[in-house]
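Take a look at the structure below.
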Amino acid sequence: MQSVTVLGSTGSVGLSTLDVLARHPDRYSVYALTANTSVDELFAQIITFTPRYAVLRDETLAMEFANRIRAAGSETEVLSGEAGLCRVAAAADITLAAIVGTAGLLPTLAAVEAGKKVLLANKESLVMAGRLFMDAVTRSGATLLPIDSEHNAIFQCLPLAVDAGIKAQGVQRILLTGSGGPFRSTPLAELDSVTPDQACAHPNWSMGRKISVDSATMMNKGLELIEACWLFQTDPSNIDIIIHPQSVIHSMVEYVDGSVLAQLGNPDMRTPIAHALAWPERIHSGVSSLDIISQARLDFEAPDEQRFPCLRLARDAAIRGGTAPAVLNAANEIAVAAFLEGKLAFVDIAYVIAEVMAQTNIGEPQSLLDVQSADFAARQLAAQIISAKTQL
Ligand code: NAD
Ligand code: MG
C-alpha cells in the first residue's frame, strides 16, 4: 500500500488522478489533498477519500474549512499556505504535482528533495527551474515520472535506462505531437477577436483554463519542448514539433536505425496517470479501448510559426537557457491571465511575451532565489506592458 499526495486535487488532472486512485483502494491510500479556493470540491473529496491532511493555500479559508469538516465528523487535519503544501508533498510515498503554474514550484521541489516518487504534471516548475530541479532529482534519488501525456508517451517509447542520456541509447529524434488547438485552421484575421471561451474549447482534451489557452497559442507545446529537454537530457535541435489534430498518437521517438516508436491511446489523462502511478507495472485506468477502425485516419502537418509565434519564442528561450525559460513562463502566465480576464487580445499574448523577453537580461541562475527574482521581474514587466497597451 502506497500513500499518495495529490497537489491540486480539485483541478482537471487532480480529478483524473482521484478517479484512477478510487479504482485501486488495495494499492493506494490518499495521504493529502490540496486546493487553492475550490472548498466545496475539496470538501466532497475529503468525505470520499478521508485523507490524513487537506491543504488550502489561504489561512483564513483553511480555518473555516477545518471547522466545516470537523462539523461533518471528518478527522482530516487541515493545513495552509506554502508550508502546508511543502509538508504534505514531502511526506507521502508518491506525490502527484498538479498545481497549475509557478505556484507549483516549491511544493513540487519539496517532494523531489525528499527523494519521493514524483509524478509531474506541473510542467511550469521544470520549465522555470530546469537545472536546479534536475540536480535536486539526482541529489535526492527521487523518481521523476512524467504525467504530461506527450512526455509520458516518450518515456514509454524509450529504453528503460535513460540515465546515460537518450543519445547513448540510440535515440536520434523526438517527435513531439500537438493537436494545434481550437484555432489550427481559423482564418488569421479572426484570431484578433477570439474569446476566452473559444480559446478554452479544446477539440480533444478537457483541461484547466490556463493550459487550454496555452494549447490555443501552442505555448503549451513550447513549454513541453523545454520540459522534454530537461526530462530526456537532450536539446531543442533533437526535438521536432508535429501537428497531429486527432491527438491519438501522444508523441514518437526515432532511433538511429530508422525505427519510430509511438504511443497511442484515447486522449484521456487517466492513461498517463495510471502508467506513472504503477510504473513499472500496469493497472486499469478506466479509459476505454482505442477504436482504431472508427478512428480510421491520422493526420500530420508542420506547425505554422506565423499562426503560432509562441512556438518560436519558446524555442528561442530553450536555446538561450539560463533564466530565459523562467522569464518566458512568467510573462506567459501574466498575459494568459489578462486574456482570460478580457484585458488582452488573444494575439497580444505573444506580443507581451516577446516584449518581456526582449527587455530582460538573461542570466544563469545559481539558486532558486535567482529563478524567483527573474520570475518576479518578468511578471512586473509583463503587467506594465499590458497596462500600457490597454491605455492606447
Ligand atoms: P486546473 O486549473 O484544472 O487545476 C489547478 C489545480 O491547482 C487546482 O486544484 C487548483 O486549486 C490548484 N491551484 C491553482 N492555483 C493554486 C495556488 N496558487 N496554490 C495552490 N494551488 C493552486 O489545471 P489542470 O488543467 O489540472 O493543470 C494542472 C497542471 O497540469 C498544469 O501545470 C498543467 O500544465 C499540467 N497539465 C495538465 C493537463 C490536463 O489535461 N489538464 C495535461 C498535461 C499537463
Ligand atoms: Mg501535454
Given only helices, namely DSSP H runs of n ≥ 4 each adding -39500 (n - 2.57), what is the per-residue ellipticity at 222 nm of the chain, to the nearest 500 deg cm²/dmol?
-> -14500 deg cm²/dmol
Can you tell me the relative contact order of the chain? Whole percent, Cα pairs under 8 Å, sequence separation 6 or more.
-> 14 percent
Answer in debye to the nearest 20: the dipole magnitude of the stretch 273-371 about its Cα centre, from +1 Lys/Arg and -1 Asp/Glu charges placed on Cβ, is 100 debye
Descending Cα extents along the principal axes, the stretch 32-181, whole Å = 59, 37, 25
Average silhouette area of the stretch 113-211, convex hull of alpha-carbon atoms, in square nanometres = 8.5 nm²
Each label sits 7 Å from Cα toward the beta-carbon; between D299 and R320 the label points are separated, in nm, by 3.5 nm
Return the single residue from V356, V256, V213 with maximal mean-square fluctuation; model: Gaussian network over the chain, springs between Cα atoms under 10 Å.
-> V256
Output the pairs from K123/K389; K210/K389; K116/K221 with a Cα-Cα distance over 25 Å in this structure; if there are none, say none.
-> K123/K389; K116/K221
Report the equivalent ellipsoid semi-axes for the chain in whole Å, largest first, defined as the square roots of five times the eigenvalues of the gyration tensor built from alpha carbon atoms.
-> 30, 26, 22
Straight-distance crosslink candidates among aspartates and glutamates, where the alpha carbon sits under 15 Å from K117 and sequence neighbours closer than 8 are dropped | D93, E281
Extension gain (nm, one decimal) between F376 and L191, 0.36 nm per residue minus Cα-Cα = 63.7 nm
Where does the stretch 1-44 land on the Kirkwood hydrodynamic radius, alpha-carbon pairs, in angstrom?
-> 10.6 Å
Whole number please: convex hull volume per residue of the Cα set in the stretch 1-110, in Å³?
-> 82 Å³
What is the distance, in nm, between label points placed 7 Å from the Cα along the Cα-to-Cβ direction at S288 and at A71?
-> 4.1 nm
Fluctuation leader among K343, K117, K210 - the chain, Gaussian network, Cα springs under 10 angstrom = K343
Here the longest stretch of the chain that holds no GluC sites (Glu not before Pro) in a DSSP loop having at most 15 other beta carbon atoms within 10 Å is 76-280
Determine the relative contact order of the stretch 98-171: mean sequence separation of Cα pairs under 8 Å and six or more apart, normalised by residue count, in whole percent.
-> 29 percent
When the dipole is taken about the Cα centre of the chain, and only Lys, Arg (+1) and Asp, Glu (-1) are charged at their Cβ, what size is it in debye, to the nearest 20?
-> 380 debye
Per 10 Å bin, what percent of the C-alpha pairs of the stretch 217-267 does each bin hold, from zero upward?
-> 21, 53, 25, 1
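Read-outs: derived from the displayed coordinates by stated rules, not from any lab. Predicted model only: the values in this text are computed from it and were never measured. In this analysis, Cβ positions are derived from the backbone assuming ideal geometry, glycine residues included, and neighbour counts consider all displayed protein chains.
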